[in-house]
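Below is one structure, written out as structure tokens; the observations come after it.
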Amino acid sequence: FKGFAIEKLEKDWTKYPVLHFDLSGAKHTTKEQLEDYLDFILSSQEKLYGITDHPRGANNRLSNLIINVKQQTGKNVVVLIDEYDAPLLDVVHEEENLKDLRQTMRNFYSPLKLNEPNLRFVFLTGITKFSQLSIFSELNNIFNISMDSPYAAICGITKEEMLSQMSEDIDNLASAIGENRDKTIEELTRYYDGYHFTWPSPDIFNPFSLLNAFAKKNIEPFWFSTGTPTYLLEMMKKFNVLPTEYGHLEAEASDFDAPTEQMTNLTPLLYQSGYLTIKGYDRITRLYTLGIPNREVEIGMMKSFIPYYIMSDTRVVNVTVAKMAKSLYDGDMDNLLHLLQDFLATIPYTDNTQYEGHYQQLLCVIFRLLGAWADVEVHTPRGRVDIVMKAFGHLYIMELKLDASAETA
């Protein structure tokens with residue numbers, strides 16, 4: 001902390017030995033591969049302290065490591081574990097594989113309770129929440145700080161930090177994209193802001209995307225460009241979550257800050273992995289309002305739906321959507337509808353294209369990719385509206401009919 005403000009906040013800086021384990025390297029693994037990886041990360045720590053003779057089993061080796069480090073340094077040990085849940089994420093929808101890998105990780109983490117007298121501090125980070133009974137066994141001395149107000153801004157960049165610490169970066173980006181400073185801040189906010197981990201909470205920007213925008217001098221959905229969230233889409237199919245159901249909802253904290261492997265709906269996974277976030281809270285009902293964090297997440301998720309609801313050739317879809325977006329921005333609905341009509345004629349025939357609801361989902365995905373707000377089955381005093389779309393100051397009401405005339409609609 002030399003040279004930083006925090007250096008002056010402490011009088012005595014006591015150094016403690018730190019054991020750092022990064023579990024992000026154990027993704028897409030079998031039980032045997034996971035055991036090999038645990039051997040690898042334990043060996044690297046053992047070498048640092050000259051430990052050549054160790055017992056068998058990851059749990060016994062971790063205990064032995066903690067005890068030896070305490071004896072060598074005379075100080076209690078700090079244990080930092082990054083992405084503690086990484087080995088389990090890709091198999092969360094596979095009951096058999098999840099059981100085996102969960103048992104392996106439970107075995108690995110068990111010494112953290114056993115060696116409590118030798119530990120100064122333990123800190124674990126992860127995406128999802130696995131219950132203590134399933135992964136941490138008897139480890140009942142850890143606190144979940146995910147929704148605690150003092151830590152609300154710990155996992156990102158606040159708007160105040162961006163405006164003060166990255167002011168020059170904002171100006172450079174504005175110059176590169178040909179916009180003024182205020183418009184650039186507005187676009188950065190629309191694309192990357194919107195995360196809240198409690199309520200009230202400061203606005204949190206996605207750090208990965210924000211830094212990429214400054215580095216590449218462009219505003220794009222950088223987070224989703226790193227890969228499609230395959231495991232999330234598999235879970236969406238398992239729980240029958242439709243594109244139109246992804247978005248605004250209300251829930252108690254226990255409904256979304258819940259153990260992932262015990263969930264009865266997809267809300268915990270969507271929230272914990274960043275595809276939904278807190279948008280409001282009612283103290284009387286104790287209900288949280290959850291919503292899509294920002295434009296980047298919405299674009300990424302809607303594009304992920306394309307192969308499932310439209311067609312496998314995503315290039316054709318992307319080109320068509322780009323042209324339709326231009327027509328919508330210009331208010332040229334005739335051209336937009338002609339583009340849509342030509343495009344719908346190219347969609348391959350399948351069993352699920354023979355009912356009206358499929359086109360409801362399909363059009364909702366397309367309209368949300370256009371940057372419009374869209375909802376389906378909207379209730380009114382005179383009945384339900386198939387699709388309502390709001391874009392650029394206009395409200396569009398649509399009635400869908402399969403194999404019937406516009407006059408019937």
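Report, by residue number, each residue of the range 356-369 that is open to solvent by 40 Å² or more (accessible area, probe 1.4 Å) and either acidic (Asp, Glu) or under 18 Å from His248 (Cα atoms) (or both).
At the first step, the residues of the range 356-369 found to be open to solvent by 40 Å² or more (accessible area, probe 1.4 Å) are 356, 359.
Matches in the range 356-369: Glu356 only.
Taking the criterion of being crowded, with 17+ Cβ neighbours inside 10 Å and in contact (Cβ under 8 Å) with a residue 24 or more places away in the chain, the residues of the range 54-68 that qualify are Ala58, Asn59, Leu62, Ser63, Leu65, Ile66.
Scanning the range 69-117 for residues that are surrounded by fewer than 18 Cβ atoms within 10 Å (Cβ to Cβ) and polar (S, T, N, Q) yields Gln71, Gln72, Thr73, Asn76, Asn97, Gln103, Asn107. Annotation note: of Asp342, Asp282, the sole residue that is open to solvent by 60 Å² or more (accessible area, probe 1.4 Å), over 22 Å from the mean Cα position of the chain (by Cα) and over 27 Å from Lys129 (Cα atoms) is Asp342. Any residue at all in the range 370-381 that's modelled with pLDDT of 85 or more, surrounded by fewer than 12 Cβ atoms within 10 Å (Cβ to Cβ) and farther than 20 Å from Glu245 by Cα? Yes.
Sort out which residues of the range 252-294 are among the small types (Gly, Ala, Ser) and within 15 Å of His196 (Cα to Cα), and write them in order of number. Full working, then the answer.
Step one: filter the range 252-294 for residues among the small types (Gly, Ala, Ser), giving 253-254, 258, 273-274, 280, 291.
Matches in the range 252-294: Ala253, Ser273, Gly274, Gly280, Gly291.
Taking first residues from the range 382-409 that are surrounded by 15 or more Cβ atoms within 10 Å (Cβ to Cβ) and partners that are of a type in the set (Val, Ile, Thr) and modelled with pLDDT of 85 or more, the Cβ contacts under 6 Å between residues at least 6 apart in sequence or on separate chains come to Val385/Ile397; Val388/Ile397; Met398/Ile387.
The residue that is nearest to Asp255 (Cα to Cα), among those in the range 130-158 that are among the hydrophobic types (A, V, I, L, M, F, W, C) and at pLDDT below 70, is Phe130.
Can you confirm whether the range 196-209 contains a residue that is open to solvent by less than 20 Å² (accessible area, probe 1.4 Å) and more than 22 Å from Pro268 (Cβ to Cβ)?
First, pick out the residues of the range 196-209 that are open to solvent by less than 20 Å² (accessible area, probe 1.4 Å): 196, 198, 204-206, 209.
Checking which are more than 22 Å from Pro268 (Cβ to Cβ) leaves us with 205, 209.
Among the residues of the range 196-209, at least one is open to solvent by less than 20 Å² (accessible area, probe 1.4 Å) and more than 22 Å from Pro268 (Cβ to Cβ), which makes the answer yes.
Out of all the residues in the range 97-115, which are in contact with a strand residue (DSSP E or B) (Cβ under 9 Å, 6 or more places away or on another chain) and either farther than 13 Å from Leu23 by Cα or in a strand (DSSP E or B) (or both)? Correct list: Leu112, Asn115. Glu94 falls short on exactly one of the conditions (1) in contact with a strand residue (DSSP E or B) (Cβ under 7 Å, 6 or more places away or on another chain); (2) under 30 Å from Phe256 (Cβ atoms); (3) not basic (Lys, Arg), and that condition is (1). Is there a residue in the range 212-224 that is at pLDDT 85 or above, within 30 Å of Val385 (Cα to Cα) and open to solvent by less than 60 Å² (accessible area, probe 1.4 Å)? No: zero hits. Somewhere in the range 172-190, is a residue more than 29 Å from Met263 (Cα to Cα), free of Cβ contacts under 8 Å to residues at least 40 places away in the same chain, among the basic types (Lys, Arg) and touching a helix residue (DSSP H, G or I) at 6+ places or on another chain (Cβ under 7 Å)? Yes, the range 172-190 contains a residue that is more than 29 Å from Met263 (Cα to Cα), free of Cβ contacts under 8 Å to residues at least 40 places away in the same chain, among the basic types (Lys, Arg) and touching a helix residue (DSSP H, G or I) at 6+ places or on another chain (Cβ under 7 Å). Considering only residues in the range 267-279 that are of a type outside the set (A, V, I, L, M, F, W, C) and open to solvent by less than 10 Å² (accessible area, probe 1.4 Å), the one that is farthest from the chain's Cα centre (by Cα) turns out to be Pro268. Under 8 Å between Cβ atoms, at least 6 apart or on separate chains: pull out the pairs that start in the range 116-128 with a residue that is free of Cβ contacts under 8 Å to residues at least 12 places away in the same chain and end on any residue that is part of a strand (DSSP E or B) and of a type in the set (Lys, Arg). Filtered contacts from the range 116-128: no entries. Which of the residues that make up the range 176-190 are crowded, with 16+ Cβ neighbours inside 10 Å and either in contact with a Phe, Trp or Tyr (Cβ under 9 Å, 6 or more places away or on another chain) or among the basic types (Lys, Arg) (or both)? Hits for the range 176-190 are Leu188, Thr189.
When you go through Met311, Met333 one by one, which is the residue that is surrounded by fewer than 19 Cβ atoms within 10 Å (Cβ to Cβ), modelled with pLDDT under 85 and over 19 Å from the mean Cα position of the chain (by Cα)? I'd like the intermediate steps shown before the answer.
Values: Met333 fails: modelled with pLDDT under 85.
Sole residue among the options that is surrounded by fewer than 19 Cβ atoms within 10 Å (Cβ to Cβ), modelled with pLDDT under 85 and over 19 Å from the mean Cα position of the chain (by Cα): Met311.
If only residues of the range 1-53 that are at positive phi and either assigned to a helix (DSSP H, G or I) or of a type in the set (Gly, Ala, Ser) (or both) are counted, the one that is least open to solvent (accessible area, probe 1.4 Å) is Gly50.
The values are calculated or read from the model by the stated rules, or taken from the named source; none is laboratory data. Quick caveat: nothing in here was measured; it's all calculated off a predicted structure. Methodologically, a virtual Cβ is constructed for each residue, glycine included, from the backbone with ideal geometry; neighbour enumeration extends over all protein chains shown. These area figures cover heavy atoms from the full protein model, side chains too; ligands, DNA and RNA do not enter into them. Shrake-Rupley method; radii C 1.70, N 1.55, O 1.52, S 1.80 Å.
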